[in-house]
Amino acid sequence: MKPSQAVGTIYRLELRSLLRDPRTLLVSIVLPVVLMPLLLIVSNRVERGREAREQARTFKYALVGTDTAFFRDLLADLPGPDAEDADSASAKFERVEVDDPEEALEDRRVDFFVEGMSPEEWRSVLSEDTTRADELEEFNDTPVARVHYRSNRATSNRGSSAIRDRLSGVRRELRDSTLVTAGFPIDPADLAAMDTANVASEREVSGARLGRMLTMFVLLLMVMGGSVMATDTLAGEKERGTLVTLLTTAAARTEIIWAKTLAVVTLAIAIALVQVVNLWVYLGLGLIDVGSGFAASITPATSGILLVLYLPVAALAAGVLLVTSAYAKSYKEAQLFLTPVILGLTLPTLAPFLPEVTLSSAIILVPLANLSIAARDVLVGQANWFAVAVAWVVTGAAAAYAMRLAVGALQDENLVTGADSDRAEFLGGPALFRKRVLRWFVVFWAVKVLIDMNVAFDDLRITALFNVGVVFLAAPMIMIWRFRLDPREALALRAPKPGVWVGVVLGAPAGLIVATLVFQLADLVIPVPRELLENFGQALMPDDIPFWQIVLVLSVIPGIVEELSFRGVLLHGVASRFRPLATCLIVGGIFGFFHFQIFRIPGTALLGVVLAAVTLWSGSIFPAMLWHTLNNALALYLGSTGVELAQDSWLVYAGGVVALALAFRIIWMNRTPYPGLRDGLAEGVDP
């Protein structure tokens, strides 16, 4: 049989198997067909219902405090429940009498309450809050209205916002009347009159709204539908034993995997085609009324361009799903792997939600993210076609690489037969840990997210001690106990050669400079608002905590405990499975994603890669602990003194790179390689 005939035969067999399986057909074909119009219809009705409810909503509030008479007069003209004025229809208010306003707010009898406070009471409040000293100095002796609300309830949020706007408007009126009474020659309302004009067309507005989420939605459907077929075609057949039988036929392995890959790609493209056609039929032709601008955005030509844009997206999704299925030894395990895979594929498609990100930035080199931006630009009608073409090629290259990995996976007998995994399951202990370590860290990451979202302390010291000193210490200890690991071996508790410390002391400040450079480059891709950085810095450096305590909880403790997790058990688990470079990248990448703020990930991941390399070369975790501690301490010191590394001085950055390279050379010359590495590092081959 000719190669092309073998590929075609297996390809047609895969598609026929898909069409014969009702469950696969439902998830892969039927669901994508009906989901888009269903979501459009439901979201349109929900939005209209919300608008109707908002127009009819009356916010209930209470007026309490020692100075209620003044604010009762200010709020006397609030539109009541029966107000018919169109301008006030979306913000009506009803004042109710309550004995305990806090209990009424908790029981939803009121949406918020206004506390009228005398100047003396407000001064007392400000004097008790050390962070508001500036407000206390600038405060004039005037009555204060304090609005109490619950930010976790939408009605309370909207009502409190509306009442604050009302009070601000009254304050402006009082101020203006005071100016007029004092003889101001011009009516304040006529001074520097302003008007706004929206120059964006309706198509641009609707295209921007749809473009932000379209790629993410289409990709999720591709993954949902393609995962069923990809999981069954490799992991499922491996579990049933039919994959080994197929590999013994006259067809070559590359022909088999290419046929399976083409089948999954065909399915993903079919899903993309269905969604593009759905957009044109339901929005372009106006079958669902969501605004006339969408009809202008979704034309047949636009739909065709979107389909072409999504071809490499479909190929990349198919390749990643096949690689995932190839490395899973069973259908159930492949399904378990899907959660991080879906997260990893979806995250780049959120790029259109970031402010001021365009294809003219370095994001053009980020697969999936670049085409997400391109799709938005196409819908808005402002596409730079050269940049779109470059983005298409970049994502296509990533898709080709993913398919190559899938083909290579079937050349590994252990992956095909699952023999190595079965042996590890039987032996348990360290052998099983090496197979399960990444899965454990995925669970660890999810637990860390849940803890950060639900456990909070007012004191930075307690927060740091709990999140790092407890959570990060518990994780490696549990893994060591569960898999019966030798703590000394798993945590690399060995003494390095003395010369390594010289490299660490030189490398820590140099690494901080290089990390700053990486942050500056990353800022070209994803600009970080200055206010966000300032707020983050202020949160790490509260005025009421001594600096030595901040260094202890944010430098010394993380430098020790986080290293036990990442350059300890994680590095121990992956070092024997991957080559040193891949090991460093994996450990560094995971370390970066454990620091959830997106602007911290590049620099933190770089630090993780460096610390992993230092541990591999020195054979010990202690140099990484010192490097980590020095890095954090230097960053805190610079932040406390207001010193910024020269952002525009490439000479400083070049010096940092040279110093870091020299530090690596010193450590290399004093190396004691990490035990069990896969290549020539253990024999002392110069890098």
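Below, the figures for the structure above:
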| quantity | calculated |
| --- | --- |
| Residues of region 299-319 classified as touching a Gly at 6+ places or on another chain (Cβ under 9 Å) and modelled with pLDDT of 85 or more, total | 6 |
| Only listed residue being among the charged types (D, E, K, R) and assigned to a helix (DSSP H, G or I), chosen from Arg488, Arg494 | Arg488 |
| Residue match in region 90-105 (condition: at pLDDT below 70, more than 38 Å from the chain's Cα centre (by Cα), farther than 19 Å from Val64 by Cβ and surrounded by 14 or more Cβ atoms within 10 Å (Cβ to Cβ)) | no |
| Residue count for region 478-507, restricted to those that are free of Cβ contacts under 8 Å to residues at least 60 places away in the same chain and at positive phi | 1 |
| Selection from region 304-341 of residues that are under 30 Å from Asn384 (Cβ atoms) and open to solvent by 10 Å² or more (accessible area, probe 1.4 Å) | Gly304, Ile305, Leu307, Val308, Leu311, Ala315, Leu316, Val320 |
| Residues of region 649-671 classified as modelled with pLDDT of 90 or more and not in a helix (DSSP H, G or I), total | 1 |
| Unique residue being modelled with pLDDT under 90, under 26 Å from Ile364 (Cα atoms) and touching a Pro at 6+ places or on another chain (Cβ under 8 Å) when the list is Ala522, Ala605 | Ala522 |
| Conditions (1) at pLDDT 80 or above; (2) open to solvent by less than 20 Å² (accessible area, probe 1.4 Å); (3) assigned to a helix (DSSP H, G or I); number of the one not met by Ala464 | (1) |
| Lone unmet requirement of (1) within 21 Å of Leu279 (Cα to Cα); (2) crowded, with 18+ Cβ neighbours inside 10 Å; (3) among the small types (Gly, Ala, Ser) for Gly381 | (2) |
| Residue that is part of a helix (DSSP H, G or I), open to solvent by less than 30 Å² (accessible area, probe 1.4 Å), closer than 24 Å to Thr299 by Cα and among the hydrophobic types (A, V, I, L, M, F, W, C), where the choices are Leu345, Leu371, Leu359 | Leu371 |
| Output for region 568-599, where each listed residue is more than 20 Å from Val442 (Cβ to Cβ) and assigned to a helix (DSSP H, G or I) | Pro580, Leu581, Phe599 |
| Filter pass, Arg439 being in a loop (DSSP other than H, G, I, E, B) and at pLDDT 75 or above | no |
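The values are calculated or read from the model by the stated rules, or taken from the named source; none is laboratory data. Quantities reported herein were computed from a predicted structural model and do not represent experimental measurements. Cβ coordinates were reconstructed from backbone atoms using ideal geometry, including for glycine residues, and neighbour counts include every protein chain displayed. Calculation scope for accessible area: heavy atoms of the full protein, side chains included, ligands and nucleic acids excluded. Shrake-Rupley method; radii C 1.70, N 1.55, O 1.52, S 1.80 Å.
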